[in-house]
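Written out below as structure tokens is the structure these notes cover.
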Amino acid sequence: MRRARPAGAGPLRARGAGVSARLQHARPLAFGLLGVLVLGQGAWTAHALLRGHARPSELLYPLLFLPAALALWASRGRVPLLALPARLLIGFSFVWNVADRLGLRGPPGTPGVGWGDFAHFVTYTAEVNAFAPPSWAPALAVLATLAEGALGVLLLLGVRPRLAAAGAALLLLAFATAMVLSGLSQAEYAVYLMAAGAGALATADGIRLRLPFRVARRTV
């Protein structure tokens, strides 16, 4: 006999299906915006490299994410294998940066380490949110770290991928806008492009490709 579902599981599943349907309706807008940002970020990156304004090692985010975003845009999110690189790159970047600010990649000053501890990340958060009171920086740093850690794991494992991608899009959009308002360059990290990529993923069919961690239901 099949085990009864917990009370409330039906309405929750119905609400989740409704959210997914609304996200899919936004697909033309999401992929149109992604295409514009692929062109814009690609032009900016090529100009920066050809003019010698930056070395390739300083533009790892755009150089890595541009091909994934282009593949996602070209497939319109209908080919699982072409949507996978963008999802994994966004998820990995979140987890990788959280590990950095927690000191798991080495102490401050280590080559390739951006912060090295949480205190340095709080200072960076204050710079990114220069328009906000400095006293807000610790709370914003904690919230950003919790959000990035949770969303990064969900994206990597393919758990609730559509909702995780939507959350990542909002987080990246807020981050990029804060950088612009504070007079910092977001293009070096392709933040708006990654936000558009996450938004497109939230509307895609192919995002359902996931690691085989699903547990089979028990029957009696």
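The values are calculated or read from the model by the stated rules, or taken from the named source; none is laboratory data. Worth saying up front: this structure is predicted, and the values here are computed from it rather than measured. As a convention, Cβ positions derive from the backbone with ideal geometry for all residues, glycine included, and neighbour counts pool all protein chains shown.
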Restricting attention to the stretch 124-146, does a residue exist that is β-branched (Val, Ile, Thr) and modelled with pLDDT under 95?
-> no
Could you tell me which residue of the stretch 82-132 is nearest to the chain's Cα centre (by Cα), considering only residues that are part of a loop (DSSP other than H, G, I, E, B) and β-branched (Val, Ile, Thr)?
-> 113
Residues (among the polar types (S, T, N, Q) and touching a residue at least 12 places away in the same chain (Cβ under 8 Å)) located in the stretch 92-132 = 93, 97, 123, 125, 129
Of all residues in the stretch 58-69 being at pLDDT 95 or above, under 14 Å from residue 187 (Cβ atoms) and of a type outside the set (A, V, I, L, M), the one that is surrounded by the fewest Cβ atoms within 10 Å (Cβ to Cβ) = 61
Do we have residue 95 as closer than 19 Å to residue 178 by Cβ and β-branched (Val, Ile, Thr) here?
-> no
What number of residues within the stretch 1-57 satisfy the criterion of being at pLDDT 90 or above, more than 21 Å from residue 76 (Cα to Cα) and not aliphatic (A, V, I, L, M)?
-> 9
Checking residue 53 against (1) crowded, with 20+ Cβ neighbours inside 10 Å; (2) in a loop (DSSP other than H, G, I, E, B), which test does it fail?
-> (1)
Among the residues of the stretch 143-184, how many are farther than 20 Å from residue 91 by Cβ and either under 10 Å from the mean Cα position of the chain (by Cα) or in a helix (DSSP H, G or I) (or both)?
-> 5
Would you be able to say whether some residue in the stretch 197-206 is loosely packed, with under 15 Cβ neighbours inside 10 Å, assigned to a helix (DSSP H, G or I) and either under 20 Å from the mean Cα position of the chain (by Cα) or at pLDDT 95 or above (or both)?
-> no
Quick one: would you say residue 135 is touching a residue at least 60 places away in the same chain (Cβ under 8 Å), part of a helix (DSSP H, G or I), out of contact with any strand residue (DSSP E or B) (no Cβ under 6 Å at 6 or more places or on another chain) and polar (S, T, N, Q)?
-> no
